[in-house]
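Below: one structure, written as structure tokens.
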Amino acid sequence: MLVLKNGLMFDGVSEDLKRGHLVIDGAKIVDVIESTSESNFENCPVLDLEGKYVTPGFIESHMHFFTNEIPEPDKRCNEVTPGGEVKENTEYYRVLRGVYSARKVLEAGFTTVFDGGGINFMDAAFKEALSVGLVNGPDYFICGKQITAGQGHFPGLGYDACGVWEMKKAVRKMLWYGADHIKLKMSAPMRMPGRNTERSEFTVPEIEAACEEAHSAGLLVSAHARGAQPIKDFIMGGGDRIVHGTGIDDEGIEMMLNKGLYLYPTIMSPYYMVSDLVKSIKPLSAVKSYEKKGREHFDSVKRAYEAGVKIAFATDSGGMDHFPGDNAKEMLYMKEMGMSNLYILRSATSEAAKALGISDSVGLLKKGYRANIVVLDENPFEKIETALDVKMVIHAGKVVKSIIPTIQLNCNTL
Ligand SMILES: [Zn+2]
């Protein structure tokens, strides 16, 4: 047993903070006691939060543990030669990047992560390694490879399929590797000059075949979609979740609203203000294209949000220029878009859990729920920026980070 006492709790939904205590046993919350008075807890460790703010662990609906288009540029010869040849040891480097990503993301308060595409099924191996404690990281859900019509954004990320039967076969392959969800790539990579992201990479019958196979196994299907038509085709084919949503039109928004579908907005992928790092590495034409696409992306997500499309927190971290551990930066962009702090917090907890189909076990501070908990210094309803600097993280009932001085001492004794 472990007790967190004297916290101000956001339960994942409610607009009121509740003062009280959380009781944890093993990996679960076994009691939430609303109380303004001191309670006596005997025979178990008690951590006094002294009025700090408590939220459910944050949920990342879409990121990538193993990829990074712009790794440490001055050291890049570790995986790619200066001439661009991918070296044969590159996959070891990627696995180690996964170890780093998992730790950074967990320490940033993200206790649940859905990976939107691993490399050569290393996500499946990584999930198993996490589950037996070989590495530390959040609860981790995978899709295997992205199902693609012509290779993916990174080496080893895409699994090509053409036609109805190959789509079924591709989904079965992901199921064989233990996929928790299925990911289709509906649009060409936007940063490949000359490719048309407005064109659907799969036909509606192909999408239907993938969805039928995935749904029969109880899995949701999401799609990388950056164009009005790919979004609409994917929804017509029975797809469940839209990742990015760049270029969505009014008809697409209407379809999402009618079906109650969630959007994974990834506002930071790409954000319209291109960083100095990208400017220093990419050609000017690419930088200009990111700025233009970033603006289009921001406007698309804003229109969808303002029309009432449901939003589940997602960053696409591990893509270009957004790094594991910086996930909560997305909250600042959501705020810029006009979302309230309460909306953002729900989106990163209870709403993301609903979108991902795991709302019976995470996303709330509630009896019986997984003890995934974040402690913040300041009131996140008033200042969302505090979520970028989490003070304590509890994952599955274990304190995995604490930079609260009085609690660090206790941590060692747990
Ligand atoms: Zn992605």
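The values are calculated or read from the model by the stated rules, or taken from the named source; none is laboratory data. The model shown is predicted, which means the values in this text are computed figures rather than measured ones. Reconstructed Cβ throughout: ideal geometry from the backbone, glycine too, with neighbour counts over all protein chains shown.
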Considering only the stretch 27-36, I want to know if a residue exists there that is surrounded by fewer than 21 Cβ atoms within 10 Å (Cβ to Cβ), assigned by TED's automatic domain parsing to the domain that holds D316, part of a loop (DSSP other than H, G, I, E, B) and not aliphatic (A, V, I, L, M). no
Checked against (1) farther than 26 Å from G84 by Cβ; (2) within 15 Å of the ligand (Cβ to nearest atom); (3) at pLDDT below 95, G325 satisfies every condition except (2)
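Yes or no, residue by residue, for (1) modelled with pLDDT of 95 or more; (2) outside the structural domain of E208 (by TED's automatic domain parsing); (3) crowded, with 23+ Cβ neighbours inside 10 Å:
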position: G133; (1), (2), (3): no, no, no
position: F141; (1), (2), (3): yes, no, no
position: K145; (1), (2), (3): yes, no, yes
position: L157; (1), (2), (3): no, no, no
position: W165; (1), (2), (3): yes, no, no
position: R191; (1), (2), (3): no, no, no
In this structure, is K232 out of contact with any Cys (no Cβ under 8 Å at 6 or more places or on another chain), among the charged types (D, E, K, R) and closer than 22 Å to H64 by Cα? no
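What residue, among those in the stretch 108-147 that are small (G, A, S) and more than 16 Å from the ligand (Cβ to nearest atom), is nearest to F323 (Cα to Cα)?
Of everything passing the filter in the stretch 108-147, A108 is nearest to F323 (Cα to Cα).
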Of the conditions (1) in contact (Cβ under 8 Å) with a residue 24 or more places away in the chain; (2) within 29 Å of I358 (Cβ to Cβ); (3) away from the ligand (no atom under 16 Å from the Cβ), the single one that T67 does not satisfy is (3)
Whether any residue in the stretch 86-109 is in contact (Cβ under 8 Å) with a residue 24 or more places away in the chain, under 28 Å from I242 (Cα atoms), assigned to a strand (DSSP E or B) and within 13 Å of the chain's Cα centre (by Cα) is what I want to check. no
Checked the stretch 178-221 for anything in contact with a Phe, Trp or Tyr (Cβ under 7 Å, 6 or more places away or on another chain) and under 16 Å from D160 (Cα atoms); matches are L184, M186, I207
The residue that is nearest to Y343 (Cα to Cα), considering only those in the stretch 248-277 that are surrounded by 17 or more Cβ atoms within 10 Å (Cβ to Cβ) and more than 16 Å from the ligand (Cβ to nearest atom), is L261
Is it true that K169 is more than 14 Å from E212 (Cα to Cα), more than 15 Å from the ligand (Cβ to nearest atom) and among the charged types (D, E, K, R)?
no
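Quick grid of which residues meet (1) within 18 Å of A124 (Cα to Cα); (2) hydrophobic (A, V, I, L, M, F, W, C):
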residue	(1), (2)
G156	yes, no
C162	no, yes
K173	yes, no
G178	yes, no
S187	no, no
F202	no, yes
E206	no, no
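Collect the residues in the stretch 148-158 that are under 19 Å from T90 (Cα atoms) and either more than 13 Å from the ligand (Cβ to nearest atom) or in contact (Cβ under 8 Å) with a residue 60 or more places away in the chain (or both), keeping them in residue-number order.
Within the stretch 148-158, Q151, H153, F154, P155, G156, L157 meet the criteria.
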